[in-house]
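Undergrad: Take this structure first; my questions come after.
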Amino acid sequence: MELNKYSRTITQDETQPASQAMLYALGLTEEDLKKAQVGIVSMGYDGNPCNMHLNDLAQDIKTGVWKEDLVGLIFNTIGVSDGISNGNDGMRFSLVSRDVIADSIETVMGAQWYDGMIAVPGCDKNMPGALMAMGRVNRPSIMVYGGSIHPGKWKGEDLNIVSAFEALGKKIKNTITPEDFKGVIQNACPGAGACGGMYTANTMSSAIEALGMSLPYSSSNPALSPEKKQECIDAGKAIRILLEKDIKPRDIMTRKAFENAITMVAVLGGSTNAVMHLIAMAHSVGIELTLKDFQDISDKTPLLADLKPSGKYLMEDLHNVGGVPAVMKYLLKEGFLHGDCLTVTGKTIAENLASVPDLNDGQEVIFEIHKALKPTGNIQILYGNIASEGCVAKISGKEGEFFEGTAVVFEGEKEVIRGIQAGEVKPGNVVIIRYCGPKGGPGMSEMLKPTSAIMGAGLGSTVALITDGRFSGGSHGFVVGHVTPEAYEGGGIALIENGDVITIDAVKNTINMQISDEELAKRKANWKQPESPIKQGVLLKYMRSVSSASEGCVTDKY
Ligand code: FES
């Protein structure tokens with residue numbers, strides 16, 4: 001079949017002289033104009049370790065694409081670093097960036113007639129953004145993950161980005177010297193690559209590899225490694241196969257493939273953000289994934305990975321003991337994955353894994369099923385008068401599965417930090433952080449700074465946290481987020497008052513404030529939606545279009 005199905009519209013039609021003149025301006029020849037065109041989209045930019053090397057990787061991908069007698073043309077999208085935006089109003093833009101990325105890729109792919117796409121994202125929102133665009137555009141596509149950062153070091157101890165956040169809590173508690181505080185911050189991130197634990201970026205890269213949309217080992221090949229460079233070159237070969245076989249994202253991103261992705265998140269103890277991102281990615285290909293799908297898979301999938309934030313190891317350690325394909329091979333053998341799902345190699349998962357080595361003997365990163373860290377996954381969906389349409393808890397098991405305490409309520413993230421510093425948060429409290437949802441934030445900020453400050457202040461195992469915002473994949477402790485309906489829409493979380501008794505039961509999957517229905521109705525009747533300070537720009541557009549967290553915070557709900 002013709003590989004230039006889309007680009008021929010402009011390259012082979014004599015009524016398109018302007019398009020062709022512009023392509024000749026790039027240095028393309030008449031022969032080149034007959035070839036299929038691959039848009040190579042990089043989220044590269046200088047200001048963030050997760051993204052700083054992506055433009056270099058895009059060049060390697062371009063080399064691989066041209067080697068396959070295809071035309072590779074690089075374009076860029078924006079990117080936002082959650083690490084940098086965290087803890088202030090900048091965070092409002094993080095989740096927004098996911099949809100801006102999806103929209104901008106869709107726009108370029110639609111306008112420029114590329115036949116296929118290879119995306120090279122690095123940070124949390126880059127990946128679901130790229131995948132949402134692939135789903136919408138539905139032309140042969142591959143994701144090449146930018147890869148993880150190497151661990152940092154200070155005084156012989158391994159560091160990662162969460163070490164920097166937790167240093168703040170230690171500073172508040174006066175348990176770190178000024179020299180060590182500075183030393184941790186200056187050495188936590190030793191160069192290019194995404195945050196190294198099983199935080200959101202690595203959760204999404206692993207889920208997307210299990211989904212079949214990246215090449216084997218993409219999620220665990222470190223950012224600065226010969227393997228990552230080789231993967232970029234190999235992506236050229238793979239996109240040629242996809243073009244020849246006309247395998248499109250909707251052939252790969254099936255319901256069964258999403259089940260594989262959710263299983264991978266559960267096994268690895270991944271970030272709660274995976275819930276909304278996978279729902280949004282499924283939406284892009286017309287599949288309705290719900291919170292119930294996550295609960296059902298979590299219920300039957302053991303937590304096997306001893307990875308940070310709640311465990312010991314980093315993604316690079318997983319890579320060194322066999323990588324994500326070795327985990328998938330083990331899961332396939334044990335009946336946890338659908339092996340017949342198609343992938344971007346043009347083969348099925350089972351075919352890809354046939355030649356993959358097993359996990360190393362004696363490795364300690366992935367537990368065997370009979371020694372699972374927890375018999376079920378760490379993501380639990382809870383319902384109750386605080387979250388009538390659901391919320392997402394991350395329960396690794398270490399923090400217990402039941403919490404009852406008194407509410408201490410904060411309107412927004414900055415208030416909590418002030419409250420912790422002022423000693424307003426005490427053992428036995430349930431910390432409520434509200435008006436941080438997709439509309440109310442707007443932008444549904446992550447609460448990494450509060451959770452890290454709580455941990456660092458030594459309150460970690462003694463308090464729980466509930467928010468209509470999100471959690472970073474780096475957050476741990478007894479945390480419940482994505483509360484729906486959000487406070488700004490008058491959800492139950494808006495009605496909690498200081499001192500209310502809050503009960504979170506992750507076994508019965510309930511979350512309630514212990515007040516009567518009459519009292520709840522009275523508070524509801526007195527509630528007024530606060531006026532939003534947002535009057536223009538991207539945040540206003542976002543507020544108007546975003547769906548609830550339970551629906552993936554998509555901005556194109558029909
Ligand atoms: Fe980019 Fe962590 S902030 S991966």
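Undergrad: Scan region 494-509 and give yes if some residue there is assigned to a loop (DSSP other than H, G, I, E, B), small (Gly, Ala, Ser), modelled with pLDDT under 95 and touching a strand residue (DSSP E or B) at 6+ places or on another chain (Cβ under 9 Å), otherwise no.
TA: Checked region 494-509: at least one residue is assigned to a loop (DSSP other than H, G, I, E, B), small (Gly, Ala, Ser), modelled with pLDDT under 95 and touching a strand residue (DSSP E or B) at 6+ places or on another chain (Cβ under 9 Å).
Undergrad: Among the residues of region 459-483, write down those that are away from the ligand (no atom under 16 Å from the Cβ) and in a loop (DSSP other than H, G, I, E, B).
TA: LEU459, GLY460, SER461, THR462, VAL463, ASP468, GLY469, GLY477, HIS482, VAL483
Undergrad: Out of the residues in region 101-136 that are touching an Asp or Glu at 6+ places or on another chain (Cβ under 8 Å) and within 16 Å of the ligand (Cβ to nearest atom), which is modelled with the highest pLDDT?
TA: Among those residues, the one meeting the criterion is GLY129.
Undergrad: While we're looking at this one, here's another question. So, in region 25-54, of the ones that are without any contact (Cβ under 8 Å) to a residue 60 or more places away in the chain and within 16 Å of the ligand (Cβ to nearest atom), which residue ends up nearest to ALA133 (Cα to Cα)?
TA: Within region 25-54, the match that is nearest to ALA133 (Cα to Cα) is TYR45.
Undergrad: Does GLU486 satisfy the condition of being within 16 Å of the ligand (Cβ to nearest atom) and within 27 Å of PRO533 (Cα to Cα)?
TA: no
Undergrad: Under 19 Å from ALA111 (Cβ atoms) and surrounded by fewer than 22 Cβ atoms within 10 Å (Cβ to Cβ) - does that describe any residue in region 31-38?
TA: Yes - at least one qualifying residue is present in region 31-38.
Undergrad: Next question, about the same structure. Quick one: TYR488 ticks every box in (1) surrounded by 24 or more Cβ atoms within 10 Å (Cβ to Cβ); (2) at pLDDT 95 or above; (3) in contact with a Gly (Cβ under 8 Å, 6 or more places away or on another chain) bar one, so which box is it?
TA: (1)
Undergrad: Right, next: Inside region 10-30, can you point out the residues that are β-branched (Val, Ile, Thr) and closer than 21 Å to GLY110 by Cβ?
TA: Of everything in region 10-30, those that are β-branched (Val, Ile, Thr) and closer than 21 Å to GLY110 by Cβ turn out to be ILE10, THR11, THR15.
Undergrad: Give the residues of region 55-90 that are β-branched (Val, Ile, Thr), assigned to a helix (DSSP H, G or I) and either away from the ligand (no atom under 16 Å from the Cβ) or more than 30 Å from ARG418 (Cβ to Cβ) (or both), sorted by residue number.
TA: The answer is ILE61, THR63, VAL65.
Undergrad: Taking the options ALA326, ALA305, ALA282, ALA274, name whichever one is surrounded by 21 or more Cβ atoms within 10 Å (Cβ to Cβ), at pLDDT 95 or above and over 19 Å from the mean Cα position of the chain (by Cα).
TA: ALA326 is the lone residue from the list that is surrounded by 21 or more Cβ atoms within 10 Å (Cβ to Cβ), at pLDDT 95 or above and over 19 Å from the mean Cα position of the chain (by Cα).
Undergrad: When you go through LYS524, LYS541 one by one, which is the residue that is in contact with a helix residue (DSSP H, G or I) (Cβ under 8 Å, 6 or more places away or on another chain), free of Cβ contacts under 8 Å to residues at least 60 places away in the same chain and surrounded by fewer than 20 Cβ atoms within 10 Å (Cβ to Cβ)?
TA: Result: LYS524 is the single residue among LYS524, LYS541 that is in contact with a helix residue (DSSP H, G or I) (Cβ under 8 Å, 6 or more places away or on another chain), free of Cβ contacts under 8 Å to residues at least 60 places away in the same chain and surrounded by fewer than 20 Cβ atoms within 10 Å (Cβ to Cβ).
Undergrad: Could you please let me know if GLU368 is of a type outside the set (Lys, Arg) and farther than 27 Å from ASN273 by Cβ?
TA: It is true that GLU368 is of a type outside the set (Lys, Arg) and farther than 27 Å from ASN273 by Cβ.
Undergrad: I need the full set of residues from region 377-390 which are in a loop (DSSP other than H, G, I, E, B) and touching a Lys or Arg at 6+ places or on another chain (Cβ under 7 Å), in order please.
TA: Correct list: ASN378 only.
Undergrad: Among residues belonging to region 430-444 that are on the phi > 0 side of the Ramachandran plot and in contact with a Gly (Cβ under 8 Å, 6 or more places away or on another chain), point out the one that is surrounded by the most Cβ atoms within 10 Å (Cβ to Cβ).
TA: So the residue we want is MET444.
Undergrad: Working carefully through the options LEU54, LEU33, find the one that is under 21 Å from GLU227 (Cα atoms) and either of a type outside the set (Ser, Thr, Tyr) or in contact with a helix residue (DSSP H, G or I) (Cβ under 9 Å, 6 or more places away or on another chain) (or both).
TA: After applying the criteria, what remains is LEU54.
The values are calculated or read from the model by the stated rules, or taken from the named source; none is laboratory data. In this text, all values refer to a predicted model and were calculated from it rather than measured experimentally. Backbone-built Cβ (ideal geometry, glycine too); neighbour counts: all protein chains shown.
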